[in-house]
Amino acid sequence: MTSALAVIGVFGPQARELMSRVAPGDWSDAAHPYVTGRRVEVGDGFGYALRVSFTGEWGFEIYCDADLAVNVLDRLIEAGD
């Protein structure tokens with residue numbers, strides 16, 4: 001990690017649905033198995049989504065450029081309302 005990257009955690013039973021609202025693509029278990037990652041379009045740019053879970057529920061860590069993090073977080077909050 002460097003100060004050039006940010007990470008945003010999306011966890012819980014609705015994590016997959018929320019991710020599908022902000023990032024196009026297939027978020028099914030078959031397309032994104034546990035402990036795998038892939039490059040995704042999110043917000044106004046691209047990031048890397050790693051499927052992990054520290055809560056016993058679905059979860060993703062989104063790694064993006066630090067200057068994109070506020071945009072990604074805003075999109076997640078808007079989509080979650």
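Observations on the structure shown:
- The chain - charge dipole about Cα centre, Lys and Arg +1 at Cβ, Asp and Glu -1, debye rounded to 20: 240 debye
- The stretch 43-80: chymotrypsin sites (Phe, Trp or Tyr not before Pro) in DSSP coil with no more than 15 other Cβ atoms inside 10 Å: Phe54
- Helix 69-80 axis, angle to the chain major axis (alpha carbon atoms, nearest 10°): 40 degrees
- Helical runs assigned H by DSSP (4 residues or longer) give the chain a calculated mean residue ellipticity at 222 nm of -7000 deg cm²/dmol, each run adding -39500 (n - 2.57) before division by the residue total.
- Above 16 Å, the calculated P(r) of the chain contains 45 percent of its Cα-Cα pairs.
- Heavy-atom surface of the chain, accessible at 1.4 Å and reported per residue (Å²): 58 Å²
- Portion, in percent, of the accessible area of the chain that falls on carbon or sulfur, probe 1.4 Å: 54 percent
The values are calculated or read from the model by the stated rules, or taken from the named source; none is laboratory data. Quick caveat, the model's predicted, so the values are computed rather than measured. Methodologically, a virtual Cβ is constructed for each residue, glycine included, from the backbone with ideal geometry; neighbour enumeration extends over all protein chains shown. Remember, those area values only see protein heavy atoms, side chains included, never the ligands or the DNA or RNA. Shrake-Rupley method; radii C 1.70, N 1.55, O 1.52, S 1.80 Å.
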